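Q: Sharing a structure, written as structure tokens. Questions coming.
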Amino acid sequence: MKYDEIMVRYGELSTKGRNKKTFTDRLGENVRRALHGIGQVKVHARPDRLHIILNGADSDLVMERLAKVFGIQSFSPSLKVTKDFAAVAQAAIAMMGEQLSDGEKKTFKVETKRQDHQFELDTFQMNRQLGGALLKAFDGQLTVDVHHPNITIWVDVRLNGIFLTSEIIPGAGGLPVGTAGKGMMMLSGGIDSPVAAYLAMKRGVSLEMVHFYSPPYTSEQALAKSKQLTAKLAQYSGQIKFIQVPFTEIQETVKEQSPEGFLMTIQRRFMLRLATAIAKQRHGLAVFNGESLGQVASQTMNSMVAINDVTSFPVLRPVLSYDKTEIIKIAEQIDTYDLSILPYEDCCTVFTPPSPKTKPNLEKTRYYEQQLDVDGLMERALAGIKITEIHPGDDFLNANQDVFAELL
């Protein structure tokens, strides 16, 4: 069926009181970015609903993109007709016909609301007369059930016409990306950090990805994988900046000059220092990571204390209380899992000692770190960062297409 409009419901935004306009305006901008390049669609963010005028655009494509925009509770494709009962009945019959196969029997109801109180039929009259027209058109196939119908025809009588829909499609929920400020996401190539990024964006955070790479110990394929994960996540925000941080010198220096049991802790302290420095340079409000409590040696509470010691900046962990099964389930839902399990090492696994300390002593960690040129290592790493703007649909695996296809 060729629809005229998509009507979007806000959900959580309805609780924002006097700040609601800020949230709805941001959602409108995010929707416009998500729909960029699709025909002549027009987006109108109003206090009660957001309306997308299709102007002939492909409604299925529009709805596919809308499903990934945070801040939307649900949406409905709608037909617009003139304010004439005969036109309403004709559209409702066509809409119902698409949902009934030959001989199939279903229950239904009509539900009307009126913005235009000057229209000749009130809500009760519209429900009754339109229900009667549908019963007549589908004699023997439809029966009325106002409590638990199989199909509901919603009729919205507005000042500029009458709109009909029979679908309510769930949205992504959450808050519009950008309404909670900006943060830096420490993105590895694993399963957890893309899920943490998704959950942070769902709460309105605009993220930039900070990825540490250590050539020749980490490969170009590993870097491409992390960029491809970012492209997957960009579907939820429109675009994401990917910040590559060279980490080879730091890892080699730590390996050469620090006791084996403290390699992991000191490396992670450098990563957090660098992410914090980048956040401050780029006006971020917090650092995010994919740590899940107790999952590996660096994610015990003792290790977190030793690593967080290097900063007073907020460090937020969206998957802290999730177990691995829960994280994998979300990764599969957002289509990052198959990429994440590709066997390319990232910085987190390079030079990992066979028995890393799960309860690193903070004073010893500080002592061993003081033997290093921390400021110099930091300065050179920050001077070597490279920033790439990544959009939904960007393909970073094409150069390694055969290898990735075989692994997938």
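Each row is one residue, and each column tells you yes or no for (1) open to solvent by 20 Å² or more (accessible area, probe 1.4 Å); (2) hydroxyl-bearing (Ser, Thr, Tyr); (3) farther than 15 Å from PRO170 by Cα.
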| position | (1), (2), (3) |
| --- | --- |
| LYS2 | yes, no, yes |
| GLU12 | yes, no, no |
| LEU27 | no, no, yes |
| ARG33 | yes, no, yes |
| GLY39 | yes, no, yes |
| HIS51 | no, no, yes |
| MET63 | yes, no, no |
| LYS68 | yes, no, no |
| PRO77 | no, no, no |
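Q: Further question: Under 7 Å between Cβ atoms, which residue pairs at least 6 apart in sequence (or on different chains) link something in the range 319-337 that is at positive phi with a partner that is open to solvent by less than 60 Å² (accessible area, probe 1.4 Å)?
A: Listed pairs, sorted by first residue: ASP335/LYS232.
Q: Kindly indicate which of THR152, THR112 is open to solvent by less than 30 Å² (accessible area, probe 1.4 Å), within 29 Å of ARG65 (Cα to Cα) and in contact with a Lys or Arg (Cβ under 9 Å, 6 or more places away or on another chain). Steps first, please.
A: Details: THR112 fails: in contact with a Lys or Arg (Cβ under 9 Å, 6 or more places away or on another chain).
Answer to the selection: THR152.
Q: Condition check: at pLDDT 95 or above, of a type in the set (Val, Ile, Thr), touching a Ser or Thr at 6+ places or on another chain (Cβ under 8 Å) and closer than 18 Å to SER78 by Cα. Does VAL144 satisfy that?
A: Details: at pLDDT 95 or above: yes; of a type in the set (Val, Ile, Thr): yes; touching a Ser or Thr at 6+ places or on another chain (Cβ under 8 Å): yes; closer than 18 Å to SER78 by Cα: no.
In short, no.
Q: Something else about it: Among the numbered conditions (1) buried (at least 21 other Cβ atoms within 10 Å of the Cβ); (2) modelled with pLDDT of 95 or more; (3) of a type in the set (Ser, Thr, Tyr), tell me where SER237 comes up short.
A: (2)
Q: Mind checking which residues of the range 204-252 are assigned to a loop (DSSP other than H, G, I, E, B) and among the β-branched types (Val, Ile, Thr)? It would help to see each step written out before you state the result.
A: At the first step, the residues of the range 204-252 found to be assigned to a loop (DSSP other than H, G, I, E, B) are 204-205, 214-219, 237-239, 247.
Answer for the range 204-252, where residues must be assigned to a loop (DSSP other than H, G, I, E, B) and among the β-branched types (Val, Ile, Thr): VAL205, THR218.
Q: Determine whether the range 99-108 contains at least one residue that is open to solvent by less than 70 Å² (accessible area, probe 1.4 Å), under 18 Å from SER166 (Cβ atoms), among the aliphatic types (A, V, I, L, M) and over 28 Å from the mean Cα position of the chain (by Cα).
A: yes
Q: Given the condition closer than 27 Å to TYR217 by Cα, open to solvent by 80 Å² or more (accessible area, probe 1.4 Å) and under 24 Å from the mean Cα position of the chain (by Cα), answer yes or no: does some residue in the range 340-347 qualify?
A: Step one: list which residues in the range 340-347 are closer than 27 Å to TYR217 by Cα, which gives 340-347.
Applying the additional criterion that residues be open to solvent by 80 Å² or more (accessible area, probe 1.4 Å) yields 341, 343, 345.
Imposing the further condition that a residue be under 24 Å from the mean Cα position of the chain (by Cα) reduces the set to 341.
Checking the range 340-347: at least one residue is closer than 27 Å to TYR217 by Cα, open to solvent by 80 Å² or more (accessible area, probe 1.4 Å) and under 24 Å from the mean Cα position of the chain (by Cα).
Q: Among the polar types (S, T, N, Q) and more than 30 Å from LYS232 (Cα to Cα): is that true of ASN19 in this structure? Even if it seems obvious, please write down each step before you answer.
A: Details: among the polar types (S, T, N, Q): yes; more than 30 Å from LYS232 (Cα to Cα): yes.
Yes: the conditions hold for ASN19.
Q: From the list ASP373, ASP402, ASP309, which one is open to solvent by 70 Å² or more (accessible area, probe 1.4 Å), modelled with pLDDT of 90 or more and out of contact with any strand residue (DSSP E or B) (no Cβ under 6 Å at 6 or more places or on another chain)? Explain how you work it out, then say what you get.
A: Values: ASP402 fails: modelled with pLDDT of 90 or more; ASP309 fails: open to solvent by 70 Å² or more (accessible area, probe 1.4 Å).
The match here is ASP373.
Q: A further question on this structure: Scan the range 178-193 residue by residue and report those that are out of contact with any Lys or Arg (no Cβ under 7 Å at 6 or more places or on another chain) and open to solvent by 10 Å² or more (accessible area, probe 1.4 Å).
A: Within the range 178-193, GLY181, LYS182, MET186, SER188, GLY190, ILE191, ASP192 meet the criteria.
Q: Sticking with this one: Which of the residues that make up the range 153-163 are in a loop (DSSP other than H, G, I, E, B) and in contact with a strand residue (DSSP E or B) (Cβ under 9 Å, 6 or more places away or on another chain)? Steps first, please.
A: Kept after step one, since they are in a loop (DSSP other than H, G, I, E, B), are these residues of the range 153-163: 159-160.
Of everything in the range 153-163, just one residue is in a loop (DSSP other than H, G, I, E, B) and in contact with a strand residue (DSSP E or B) (Cβ under 9 Å, 6 or more places away or on another chain), namely ASN160.
Q: Take the range 24-47 and flag every residue that is in contact (Cβ under 8 Å) with a residue 24 or more places away in the chain and farther than 14 Å from TYR236 by Cα.
A: Once the filter is applied, which keeps residues that are in contact (Cβ under 8 Å) with a residue 24 or more places away in the chain and farther than 14 Å from TYR236 by Cα, the range 24-47 yields THR24, ILE38, PRO47.
Q: So ILE153 fits all but one of (1) of a type in the set (Val, Ile, Thr); (2) at pLDDT 95 or above; (3) under 22 Å from ASN30 (Cβ atoms); what number is the exception?
A: ILE153 satisfies all of (1) of a type in the set (Val, Ile, Thr); (2) at pLDDT 95 or above; (3) under 22 Å from ASN30 (Cβ atoms) except (3).
Q: Could we say that ILE6 is open to solvent by less than 20 Å² (accessible area, probe 1.4 Å), at pLDDT below 95 and among the hydrophobic types (A, V, I, L, M, F, W, C) here?
A: Working: open to solvent by less than 20 Å² (accessible area, probe 1.4 Å): yes; at pLDDT below 95: no; among the hydrophobic types (A, V, I, L, M, F, W, C): yes.
So ILE6 fails the test.
Q: Which one of the conditions (1) among the small types (Gly, Ala, Ser); (2) modelled with pLDDT of 95 or more; (3) over 17 Å from GLU252 (Cβ atoms) does SER355 fail to meet, given that it meets all the rest?
A: (2)
Q: Another question, if that's okay. Just name the residue that is most open to solvent (accessible area, probe 1.4 Å) out of those in the range 376-399 that are of a type in the set (Gly, Ala, Ser) and at pLDDT 95 or above. If you could, list the steps in order and put the result at the bottom.
A: The first filter runs over the range 376-399 and keeps only residues of a type in the set (Gly, Ala, Ser), leaving 376, 381, 383-384, 393, 399.
Okay, now just the ones that are also at pLDDT 95 or above, so 376, 381, 383-384.
Numbers: GLY376: 10, ALA381: 6, ALA383: 88, GLY384: 34 Å².
Among residues in the range 376-399 that are of a type in the set (Gly, Ala, Ser) and at pLDDT 95 or above, the one most open to solvent (accessible area, probe 1.4 Å) is ALA383.
Q: Another question, if that's okay. Quick one: is LYS21 under 22 Å from PHE163 (Cα atoms) and open to solvent by 40 Å² or more (accessible area, probe 1.4 Å)? Spell out how you get there, then give the answer.
A: Working: under 22 Å from PHE163 (Cα atoms): no; open to solvent by 40 Å² or more (accessible area, probe 1.4 Å): yes.
Considered against the rule, which asks whether it is under 22 Å from PHE163 (Cα atoms) and open to solvent by 40 Å² or more (accessible area, probe 1.4 Å), LYS21 comes out as no.
Q: Within the range 194-221, work out how many residues are in contact with a strand residue (DSSP E or B) (Cβ under 7 Å, 6 or more places away or on another chain), farther than 12 Å from GLY183 by Cβ and surrounded by 24 or more Cβ atoms within 10 Å (Cβ to Cβ).
A: 2
The values are calculated or read from the model by the stated rules, or taken from the named source; none is laboratory data. Remember, it's a predicted structure, so these values are computed and weren't measured experimentally. All Cβ positions, glycine included, derive from the backbone under ideal geometry; neighbour counts span all protein chains shown. These area figures cover heavy atoms from the full protein model, side chains too; ligands, DNA and RNA do not enter into them. Shrake-Rupley method; radii C 1.70, N 1.55, O 1.52, S 1.80 Å.
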